[in-house]
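To start, the structure under review is shown below, and the notes come after it.
The values are calculated or read from the model by the stated rules, or taken from the named source; none is laboratory data. Keep in mind that what you see is a predicted model, and the values were worked out from it rather than measured. Heads up, the Cβs are rebuilt from the backbone with ideal geometry, glycines too, and the neighbour counts pull from every protein chain shown. For the accessible areas, the whole protein counts, side chains as well, though only heavy atoms, and no ligand, DNA or RNA atoms are used. Shrake-Rupley method; radii C 1.70, N 1.55, O 1.52, S 1.80 Å.
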Amino acid sequence: MSSRQREMTRRQLLAGAGLAAGAISLGRPEWLRASPLSAPTAPVSISRCKSYDEDLAAVLKPMFDQIGGISGLVKGKTVAIKLNLTGGGRGFRPYPPGDTFWVNGKLTAAVCHLIKQAGAKRIRLLESNTIGLKLEDKMLDGGWDVRLLTNAVPDLEFENTNNLGEGKRYSRMKVGSAHPCIYPAFDLNHSYEDCDVFVSLGKMKHHEECGITLSMKNMFGITPCSIYGDDAGVDEPNEAVRRGRADVLHFGRRQPSRSAPQEVDFSSDRYEGHRVPRIVTDLVSARPVDLAIVDGIQSCVGGEGPWVRGSKALPPGEPGLLVVGRNPVCTDAVSAALMGYNPRAEAGKPPFKVWKDPKAVRGDYQREHGELPQYGDNTILLGEAAGIGTADLSRIDVRGVPIKDAVYDFESRRTPWPPEAN
């Protein structure tokens with residue numbers, strides 16, 4: 001197979017790149033312009049929590065009760081929990097990754113304990129990881145005490161979902177929205193289908209392409225690099241994949257392995273600030289989230305991890321928040337408000353005004369246009385438009401600490417953007 005066959009055609013690429021000037025509020029179809037009043041809503045609970053050394057189960061239990069309890073959701077069921085362990089084990093010194101840009105191991109243990117206590121039959125922790133490296137090894141590299149997890153749930157399962165893992169086949173999960181944004185369906189590790197209840201345990205932080213990352217953006221990592229990675233197989237998955245998802249998902253320079261569903265429109269926008277939020281929306285529609293938990297006990301600003309220029313850790317106890325809900329769009333809307341942002345903000349407005357270094361070439365879009373747009377589309381609004389949940393705070397029953405009493409101004413803590421970004 002030639003490299004030309006492996007890549008998208010230049011004509012397809014340029015057709016898509018020509019559309020990239022429009023953000024979510026520009027030139028969007030009627031179904032996306034509307035803010036559907038019929039979008040589902042569900043209660044969201046907020047709690048203050050200043051340290052990972054607190055009794056986290058004691059903090060979480062009343063929060064679960066405030067959203068209707070979890071016993072009816074998990075009793076006798078297989079529960080899968082998607083963690084956010086993005087990037088490598090290096091962190092913002094002197095803090096371990098689980099304090100600042102990963103979800104925390106102690107919090108994960110508390111979540112597992114409460115789910116098991118509520119009657120879950122099986123619990124499986126999921127995250128994409130380097131092929132050949134066990135998920136437990138990645139946790140250890142990042143400073144987690146894995147014994148806390150196995151003490152909380154002795155029969156706890158772990159799976160690296162970056163390829164087939166322990167499965168014999170991939171699960172094809174169709175996008176439930178009537179209008180898929182980028183892909184009509186995804187081929188995923190079997191664990192995302194072989195569960196009765198799916199939990200997204202995400203981190204409250206900024207994000208380089210999407211502005212912010214919460215429970216919805218956490219779903220980007222469920223895509224196996226064996227199919228959606230830069231060195232994915234052309235016709236079939238590459239089970240020995242080693243690279244990330246930039247070419248396929250971020251920039252659309254090539255398609256996934258032909259064994260998986262291809263894009264719905266090869267002429268669509270190739271800009272990653274357009275593509276990534278829409279792929280996230282498709283993923284949440286294809287693999288619905290039954291319980292969303294956002295770790296904001298400690299965090300970082302300026303980006304999703306230390307590899308992002310200008311990113312930095314917040315000190316212990318900041319923002320000092322936990323958020324839980326049954327609907328990921330509602331949960332993320334409340335979380336965005338707690339970060340000091342309008343969850344209905346348009347692209348180009350904080351936090352969806354992003355900064356992309358013009359000196360760092362980011363794929364064929366920049367090579368053709370000479371500059372990068374400085375926006376990321378609003379994933380929360382895209383989720384509402386897809387009918388997943390409402391982004392309207394007036395329609396969300398917020399329980400626990402009121403939003404107004406718990407706001408932490410993320411924008412003011414951000415390192416000033418470089419002058420060329422203004």
Could you list, in sequence order, all residues of region 332-346 that are part of a loop (DSSP other than H, G, I, E, B) and either open to solvent by less than 10 Å² (accessible area, probe 1.4 Å) or at pLDDT 95 or above (or both)? M339, G340, Y341, N342, P343, R344, A345
How do the pairs read when you match residues in region 167-195 that are closer than 17 Å to G229 by Cα with residues anywhere that are among the aliphatic types (A, V, I, L, M) and open to solvent by 30 Å² or more (accessible area, probe 1.4 Å), using Cβ under 9 Å and keeping only pairs 6 or more apart or on different chains? Y170/L164; I182/V264; Y183/V264; N189/L164
Working only within region 218-251, note down all residues that are open to solvent by 10 Å² or more (accessible area, probe 1.4 Å), at pLDDT 95 or above and aromatic (F, W, Y). F220
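Collect the residues in region 297-326 that are of a type in the set (S, T, N, Q) and open to solvent by 10 Å² or more (accessible area, probe 1.4 Å), keeping them in residue-number order. Don't jump to the end; show me each part of the working.
Restricting attention to region 297-326, the residues satisfying the condition of being of a type in the set (S, T, N, Q) are 298-299, 311.
S311 - this is the single residue of region 297-326 that is of a type in the set (S, T, N, Q) and open to solvent by 10 Å² or more (accessible area, probe 1.4 Å).
In region 99-132, which residues are touching a Phe, Trp or Tyr at 6+ places or on another chain (Cβ under 6 Å), more than 18 Å from D194 (Cβ to Cβ) and outside any loop (DSSP other than H, G, I, E, B)?
Residues of region 99-132 touching a Phe, Trp or Tyr at 6+ places or on another chain (Cβ under 6 Å): 100, 104-106, 125.
From the residues that got through so far, the ones that are more than 18 Å from D194 (Cβ to Cβ) too are 100, 104-106.
Matches in region 99-132: T100, G105, K106.
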Which is at pLDDT 95 or above and open to solvent by less than 10 Å² (accessible area, probe 1.4 Å), of V329, V289? V329
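Of the residues in region 216-243, how many are of a type outside the set (A, V, I, L, M), assigned to a loop (DSSP other than H, G, I, E, B) and farther than 30 Å from G325 by Cα? Give the steps one after another, and end with the answer.
Filtering region 216-243 for residues of a type outside the set (A, V, I, L, M) gives 217-218, 220-221, 223-226, 228-231, 233, 235-239, 242-243.
From what's left, assigned to a loop (DSSP other than H, G, I, E, B): 223-224, 229-231, 233, 235-239, 242-243.
Subsequent filtering for residues that are farther than 30 Å from G325 by Cα retains 229-231, 233, 235-239, 242-243.
Summing the residues that are of a type outside the set (A, V, I, L, M), assigned to a loop (DSSP other than H, G, I, E, B) and farther than 30 Å from G325 by Cα in region 216-243 gives 11.
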Unique residue being charged (D, E, K, R) and open to solvent by less than 30 Å² (accessible area, probe 1.4 Å) when the list is E166, E136, E159, E193: E159
Qualifying positions in region 248-259 - under 13 Å from D282 (Cβ atoms) and assigned to a loop (DSSP other than H, G, I, E, B): P256
Working only within region 169-186, note down all residues that are crowded, with 21+ Cβ neighbours inside 10 Å, in contact with a strand residue (DSSP E or B) (Cβ under 7 Å, 6 or more places away or on another chain) and either among the hydroxyl-bearing types (S, T, Y) or not in a loop (DSSP other than H, G, I, E, B) (or both). Y170, F186
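Taking region 133-146, which residues are in a loop (DSSP other than H, G, I, E, B) and at pLDDT below 90?
First pass over region 133-146, keeping only residues in a loop (DSSP other than H, G, I, E, B): 133-134, 142-145.
Answer for region 133-146, where residues must be in a loop (DSSP other than H, G, I, E, B) and at pLDDT below 90: L133, G142, G143.
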